[in-house]
Amino acid sequence: MTGKPKIPEAREILQDVLSYHKLDVETRIKLRDALSLMYREKYKERKAPARNRKMTAYIRDTIKKDVAQNPRKSLQALANELRVNSGRISEVLAGDFDHL
């Protein structure tokens with residue numbers, strides 16, 4: 001599409017016709033129906049529900065202790081056991097949650 005969108009202009013023309021001209025009831029209803037179709041519905045941002053637990057000091061300490069005791073255990077396996085995202089395990093090990 002080139003140039004400005006024409007829908008706002010078309011809405012103005014239809015509203016002008018509705019307000020200034022004598023129209024029968026059926027025509028007015030049809031014009032109002034057409035006008036209502038010329039607006040977008042408001043976008044409702046939807047977030048996916050959280051599937052994993054929030055990070056707590058207890059979970060942080062459990063991660064650090066488990067990694068120290070089982071250094072060969074995969075981070076994904078540990079994440080699955082604790083029901084946290086595997087990225088959170090890496091963040092804990094990097095010290096990102098030391099403030100808890």
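The values are calculated or read from the model by the stated rules, or taken from the named source; none is laboratory data. None of the values given here were measured: they were computed from a predicted structure. Counting neighbours? That spans all protein chains shown, and the Cβs are built from the backbone with ideal geometry, glycine included.
Tell me which residues, restricted to the range 1-51, are closer than 30 Å to Asn85 by Cα and of a type in the set (Lys, Arg).
The answer is Lys44, Arg46, Lys47, Arg51.
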Residue in the range 26-45 that is modelled with the highest pLDDT, counting only those that are of a type in the set (Ser, Thr, Tyr) and under 13 Å from Arg11 (Cα atoms): Ser36
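Scan the range 69-89 for residues that are basic (Lys, Arg) and within 26 Å of the chain's Cα centre (by Cα) and jot them down.
Arg83, Arg88
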Counting only residues in the range 43-75 that are without any contact (Cβ under 8 Å) to a residue 40 or more places away in the chain and polar (S, T, N, Q), the one surrounded by the most Cβ atoms within 10 Å (Cβ to Cβ) is identified as Thr62
